[in-house]
Structures are given as structure tokens and as C-alpha cells.
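Since the structure comes first, as C-alpha cells, the remarks are kept for the end.
Each reported figure results from applying straightforward, stated rules to the coordinates on display, with no laboratory input. Just so we're clear, the structure is a prediction, and the values are computed from it rather than from any experiment. Every residue, glycine among them, receives a Cβ derived from its backbone with ideal geometry; neighbour counts consider all protein chains shown.
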Amino acid sequence: MKHASNRRVGVVVAVLSGLTLAATASTTAHADERPDDRPDAIAHRGSSGMAPENTEAAIDLAVDQRADFVEIDVQRTKDGTLVNFHDCTMERTTNIEEIYPDRPRYRVSDFTWAELRQLDAGSWFHHDYTGEPLITVDHVITRINNTRTGLLAEISPCGHYTDLATDLAKNLQNKPRYVRRALAREQLAVQSFQTDDAHQFHTHMPDIPIGLLDADRPTDTELLELSTWADQINPQHTVTDQNLVDRIHQLGMDINVWTVDEPGAIRKMTTLGVDGIITDYPQSLTQH
């Protein structure tokens, strides 16, 4: 993926949500370890097809499977800790109703980090993962730091949050050594479904590639506007075709598609020339 600082002065250039490849080179920082024509393997919530999503187990497995990036979801606890969790409420993937049966709501933001540490985030997936805990964004970084695997952090679109993009920026600003190293290796990017959140993060940390997620096909007007400040456009793979890929590249941005698990769809997206594939099964791209 390319660096945000590679934008051409006076020219409309954009970078997709997450991670981008250098505009002048078709290789990444770790391209010598994989074929140049293979898109980045971006592990969706970690290797979530084989381990409980967004847990240490899923992150570590993605690293072991040589994923180019792990994609995580950033939310904030009641006392301000940034945690890696996807859903806007926690019933689906934790035992929160059993542990806290009398709570009126089960949002991450309704609980302190000390309370959330008591939860089991693995049993729902398989009994082998019983007791797997929730993890913080800081913990994710410790698991991938000094590995070949980068980070694509998604700012949660859950509507009850305010200033979550700013909080993530502050968290990363407090890790200057990690950020410098990750950017030098093209191993760090941020994405969001919300344009306001993406732009807010970008104003705080313009050197980190920023991307926009979209479940629908973006219009050309939207692409032109986003290309003035964004680095990536990350659409759902079902709305992606050759014309969209070519147009995003023409505007200087990268394209990472989601969530692509079926082998035929992976082959199709690879043939289209997308820059990254967000998948529950990163080994489908990395292990041949």
C-alpha cells in the first residue's frame, strides 16, 4: 500500500481505506516474500474463519498464516479503553448476558475495561476456545509488532460514539516508534464507513493512509471528492468490477474489497487487479 505522503501536489490523488501501495511501485514492503501480482491478504477480524473473531487467537493465527494485514474493529469502553470488537452490542460473541444479567444494555461503551475482561469471547465459536478474552487495540499491536503483518484498523460505525476517530489518533500518537516503523514498512492504515470519522482521523494523522468502506458502489462524484484527501476506497466485492477498479486506480487510490471467502470470488478479484482482499481465510491467499 502506498504512503499518504506520496500524494502528488496539485493533482487529485487519493488513498483507499486502510493500507496502500506505493504509486510508483507495484511492490509492498514485503513484496519480496510473495508474488507481485497477488493482492494483500487482509485477515478480517483476524483469521476469523478458523478462530473466534477479534481475539488474540485470531490475530496470532493470521500472523502464523502470513497475512499481510489484520483488520480489526475499534470501540471504546466506558472508561476510555480502546478495544477490538465488532458488533454494536456484545450478545452474539460473548457470554455477557450470563455474567451481567441485569444490565439494561450490552454495548461496549456501557462497561468498563475491568468488567469486559471477565467475559468469554471464544466459547460461541468452539469449545476449544473457552475462556478466550476480549483484547485491547494496544494488545493487538503488541501481537503484530515486529512481524510481517500490518494493521488495518476500522473505526466503529456504531452510532452512539463521538470522537472515536480522535481517540484512535491519540492512541497512535502515543506510539510514535511503532507508527514510524509501521509506516516505513507500509504496515498501517485506518478505515471507516463514516466519511466524517475518516476525515477527522485524517486531520489528526495525515501520514497514515485512510480509507472509506462502502457496501454500495461509490459514484464517480463521490470518488472524485474522496480522491482529494483519502487514500483508499474499500467496497464490498459484490459491487466491484473492472471499471470501478480502474477508476479508483486512475484517481490515485487503492482498492481493498470485502469480505471475500469463496475461492472463485477470490480469483475474480485478483484478476480485476484489486490491491487487497479482506477475507476470513487469509491462508487462501498466502498458502499455495
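Taking the criterion of being more than 20 Å from residue 142 (Cβ to Cβ), crowded, with 22+ Cβ neighbours inside 10 Å and touching a residue at least 40 places away in the same chain (Cβ under 8 Å), the residues of the range 156-185 that qualify are 156, 164. From the list 193, 201, the one residue that fits, being surrounded by 19 or more Cβ atoms within 10 Å (Cβ to Cβ) and within 19 Å of the chain's Cα centre (by Cα), is 201.
Pull up the range 232-253, narrow it to residues that are in a strand (DSSP E or B) and touching a Pro at 6+ places or on another chain (Cβ under 8 Å), then point me to the one that is surrounded by the fewest Cβ atoms within 10 Å (Cβ to Cβ).
So the first thing to find is which residues in the range 232-253 are in a strand (DSSP E or B), and the list is 232-236.
Filter once more, keeping what is touching a Pro at 6+ places or on another chain (Cβ under 8 Å): 232-233, 235.
Numbers: 232: 33, 233: 30, 235: 24.
Among them, the one singled out is 235.
Only residues that are in contact with a strand residue (DSSP E or B) (Cβ under 9 Å, 6 or more places away or on another chain), assigned to a loop (DSSP other than H, G, I, E, B) and free of Cβ contacts under 8 Å to residues at least 60 places away in the same chain were counted in the range 88-120, giving 1. Answer yes or no as to whether residue 217 is of a type in the set (Lys, Arg), surrounded by 14 or more Cβ atoms within 10 Å (Cβ to Cβ) and touching a Pro at 6+ places or on another chain (Cβ under 8 Å). So residue 217 fits the description; yes.
Any residue that is within 23 Å of residue 196 (Cβ to Cβ), among the polar types (S, T, N, Q) and not in a helix (DSSP H, G or I) - is there at least one of those in the range 276-285? No, every residue in the range 276-285 fails to be within 23 Å of residue 196 (Cβ to Cβ), among the polar types (S, T, N, Q) and not in a helix (DSSP H, G or I).
Looking across the range 254-275 at every residue that is part of a loop (DSSP other than H, G, I, E, B) and in contact (Cβ under 8 Å) with a residue 12 or more places away in the chain, the one that is surrounded by the most Cβ atoms within 10 Å (Cβ to Cβ) is identified as 260.
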